[in-house]
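The values are calculated or read from the model by the stated rules, or taken from the named source; none is laboratory data. Bear in mind that the values here come from a model prediction, so they are computed numbers and not experimental data. Cβ coordinates were reconstructed from backbone atoms using ideal geometry, including for glycine residues, and neighbour counts include every protein chain displayed. To get the accessible areas, we keep the full protein, side chains included, count just its heavy atoms, and leave off ligands, DNA and RNA. Shrake-Rupley method; radii C 1.70, N 1.55, O 1.52, S 1.80 Å.
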Amino acid sequence: MNKRLWHSLRISLMMRSDKRVEYLRKHNVFGNIGKNTIWRDRLVPLYADRIFLGDNVRCGSNVYFITHDVIHDMLNHREGNEFEFEEFIGDIYVGDNVFIGSNSTILGGVNIGSNVIIGAGSLVNKDVPSNSVVGGYRLGTYVRLMTL
C-alpha cells in the first residue's frame, strides 16, 4: 500500500481535526503545518510535501490543494506527437491567519499571503497578497473584495 493511501486511511478514522494534524505533523506528510491549523479533509493530497500551511490556517470542507496537473499525460499520448511534455508540479504556500472557504481549489505554484480570507467556491490560480479578502473566479482573475 502506498504511503499517501495509508496516511489517508489512518486520518479518515480520526474524528478530531487536531488529532489529524498531530498525525500529519508526526509523519512529515506536509511540507509544513503551522500551529493552531486545522485539517478537516480525510484525504492526503498528491505531493502533500509541497504544501506549506502557516499558523492559524482554517479550511472549510472540500477544499482541494492541487499541486500538479495531468495535461502532460494527454499531450504525450497524441498521435504524431514530437515533444515530451513534463508534469507540472508546484508548491503551495499559505501564510498565517488564513481562512479558505468551502469548496475552494488552490492550484500549484500559488502563494497566499497572511491575514487572508478566501470566499467559498473560489479557484485560487494566482498569488493572493497579504491582508486581502478575495472570492470567486472570473476570466482568470480574482474579484478582489477588499483589503484588510
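Please state the relative contact order of the chain as a whole percent: Cα pairs under 8 Å, 6+ residues apart?
15
In whole Hz, what ³J(HN,Hα) sequence does segment 53-62 give by Karplus (6.51, -1.76, 1.60; θ = phi - 60°), x for Gly and Pro?
Couplings: 9, x, 7, 6, 9, 10, 10, x, 6, 6 Hz.
Mind jotting down the three principal axis lengths of segment 10-69 based on Cα atoms? Whole angstrom, largest first.
Principal extents (Cα only, largest first): 30, 23, 22 Å.
What percent of all Cα-Cα pairs in the chain falls in each 5 Å bin, counting up from 0?
2, 10, 17, 22, 18, 13, 9, 6, 3, 1, 0
Could you do me a favour and compute the accessible area per residue for segment 20-148, 1.4 Å probe, result in Å²?
In whole numbers, segment 20-148 has 55 Å² accessible per residue.
Carbon and sulfur atoms: what percent of the 1.4 Å accessible area of the chain do they account for?
54
Amide H to amide H, which residues 5 or more places from F65 or on other chains are under 5 Å from it, using H placed in the peptide plane?
Residues meeting the amide H criterion: I106.
Share of antiparallel DSSP beta bridges in the chain, in percent to the nearest 5?
The antiparallel fraction comes to roughly 20 percent.
Using heavy-atom solvent-accessible surface (probe 1.4 Å) with all chains present, what is the largest-first order of H27, H68?
Sorted by accessible area, descending: H27, H68.
What are the ³J(HN,Hα) values, in whole Hz, obtained from phi via the Karplus relation 6.51 cos²θ - 1.76 cosθ + 1.60 with θ = phi - 60°, for each residue of segment 109-114 in sequence order, with x given for Gly and Pro?
x, 9, 10, 10, x, 8
Residues of segment 15-48 with backbone nitrogen within less than 15 Å of a virtual label 7 Å along the Cα-to-Cβ line of F99, please, listed as ranges.
Of the residues in segment 15-48, 38 have backbone N under 15 Å from the label point off F99.
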